Amino acid sequence: MPGIRNFTLVIRGERRERDPSMTATSSAIGGRLNRDSDDLLVVEDLKTHFEVPAGMVKAVDGVSFSLGRGRTLGVVGESGSGKTVLSRTLMNLNLGSNVHSSGSAIFEGRQLVGVKPKQLRDLWGLDIAMVFQDPMTSLNPVVKVGRQVTEHIRKHLGVSKAEARETAIQLLRSVRIPEAESRFEAYPHELSGGMRQRVSIAIALACGPKLLLADEPTTALDVTVQHQILNLLAQQRRERNMAMVLVTHDLGVVAGRTDEIAVMYAGRIVEKASTKVLFSDVRHPYTEALLRSIPKTSNRNHTRLAAIAGRPPDLINPPSGCKFSPRCPYAQPKCFEEEPPEVNAFEDHLFSCHYPVGTEENKAAWDRNLAAGRPETVAVATGSVSEVDIRAKGEEILADLTTSEGAD
Ligand SMILES: Nc1ncnc2c1ncn2[C@@H]1O[C@H](COP(=O)(O)OP(=O)(O)OP(=O)(O)O)[C@@H](O)[C@H]1O
Ligand code: SF4
Ligand SMILES: [Mg+2]
């Protein structure tokens, strides 16, 4: 098969020959994972490009995944990797004549891509809702929070004013806003950042959506409040059997809170697996670098963060071959020439790399680069957490966050 060599995978200390079913395809990662009739959302080769004077910004460049009812997908990547554009594309919120979207996103049999926003208005809020990073951008600063919740309820559910008020107060209580009746009369600026985010979550949940897109819902909040909001979202998701796409730049945020994780780089998903597999058996060097940069939650103040060397790629003129090649400690000549194909390994673990972490070829690539003094390799080596430590660290972080999930 062109572009892919046989290799031996090392999985949790065990050495296994490549599975015969392991396949390489030219399509983007993720389309086949957990695909079944219960899929709520099926995304295929989704692209959103923006035409700007300097050229075409390929913000989302061939993303595929599917999401089952009640499941949570974490979408993780550095700033500029296309996470928000992906969420906004699913909500049909990227408007303007310079926006070029293609591919497909089918939600319960309805196409979301390439249709006029007014054709989807009945889906927004009712079936698909979104929570944004900064609640101040989604809340109206001059309208009392209670009215913002009731307006949403009345618009979508057509209930009386009194019923809407009663429902709104119950919703505010369900997102654990203390003294919900008095907070009903408050303006957004009178609430803390965490309370404002709870209000925007209440609005998003008001009509019982089947899918919630949460785009960095806790980035603007301090660490303690972050945990509370993430736990609130997880609790609401469970109680409502709602599917969720949780977007974040922090791999630590999605550990223990998602069923699957998709790692985005330069507008594409480069690795996707169940959360447990991704943390214990990382394959893509970019995911490994993200993992290395997570501080241990029990010791956040004392853990040195390893930043990923180099800058995210130019999305107008991305590097040829693998887009991570200029920053990758394992990069070999082939990486600069050939885009790696998608590989489907064990347990529906998908990744796109010529020299996946944990293989003999990866180790040889590391040794060659280290001997040659490749700066990106030396930087990691002198950082340094060894590959074995990375795996142990993944499992440790997962266990750490899983046990802290219940705390609010
Ligand atoms: N309307 C637009 N016109 C041109 N380029 C855009 C537009 N919106 C987003 N982009 C570009 O698309 C790329 C992806 O942006 P996006 O906001 O999705 O990143 P992100 O992964 O959400 O980052 P962050 O973690 O900082 O929120 C960026 O390079 C951004 O500058
Ligand atoms: S080893 Fe090569 S293909 Fe894999 S991420 Fe690094 S540069 Fe890309
Ligand atoms: Mg964003």
Given points 7 Å out from each Cα along the Cα-Cβ axis, report the SER104 to GLU360 separation in nanometres with one decimal.
4.1 nm
List the pairs from LYS272/LYS393; LYS83/LYS334; LYS116/LYS155; LYS155/LYS210 whose alpha-carbon separation is above 25 Å, in the order I gave them.
LYS83/LYS334
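Order these by the 10 Å Cβ neighbour count, fewest first: ARG121, ARG374, ARG198. Write down the numbers at each step before the final one.
Numbers: ARG121 12, ARG374 20, ARG198 25.
Least to most surrounded, the residues fall as ARG121, ARG374, ARG198.
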Using only the Cα atoms of segment 163-237, build the gyration tensor, take square roots of its eigenvalues as a ≥ b ≥ c, and label the shape rounded, prolate or oblate: rounded if a/c is under 1.5, else prolate if a/b is larger than b/c, else oblate.
oblate
Karplus-derived 3J(HN,Hα) from phi for segment 318-324 (6.51 cos²θ - 1.76 cosθ + 1.60, θ = phi - 60°), whole Hz, x at Gly and Pro, runs x, x, 6, x, 6, 6, 8
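Please state the shape class of segment 123-197: rounded when a/c is under 1.5, otherwise prolate if a/b exceeds b/c and oblate if not, all from the C-alpha gyration tensor.
Working: a/c = 1.64, a/b = 1.15, b/c = 1.42.
Here segment 123-197 falls in the oblate category.
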Assigning unit charges at the beta carbon (Lys, Arg +1; Asp, Glu -1) and nothing else, what dipole magnitude in debye, to the nearest 20, does segment 79-234 show about its Cα centre?
380 debye
Where a ≥ b ≥ c are the square roots of the eigenvalues of the C-alpha gyration tensor, would you call segment 91-133 rounded, which needs a/c under 1.5, or, failing that, prolate if a/b is larger than b/c, or oblate?
oblate
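What percent do you get for the relative contact order of segment 191-244 when only Cα pairs under 8 Å and 6+ apart count? Spell out each step's value before the answer.
On the way: 32 pairs, mean separation 23.7, N = 54.
Here the relative contact order equals 44 percent.
Since every read-out is calculated from the coordinates, none of them should be taken as a lab result. In this text, all values refer to a predicted model and were calculated from it rather than measured experimentally. Methodologically, a virtual Cβ is constructed for each residue, glycine included, from the backbone with ideal geometry; neighbour enumeration extends over all protein chains shown.
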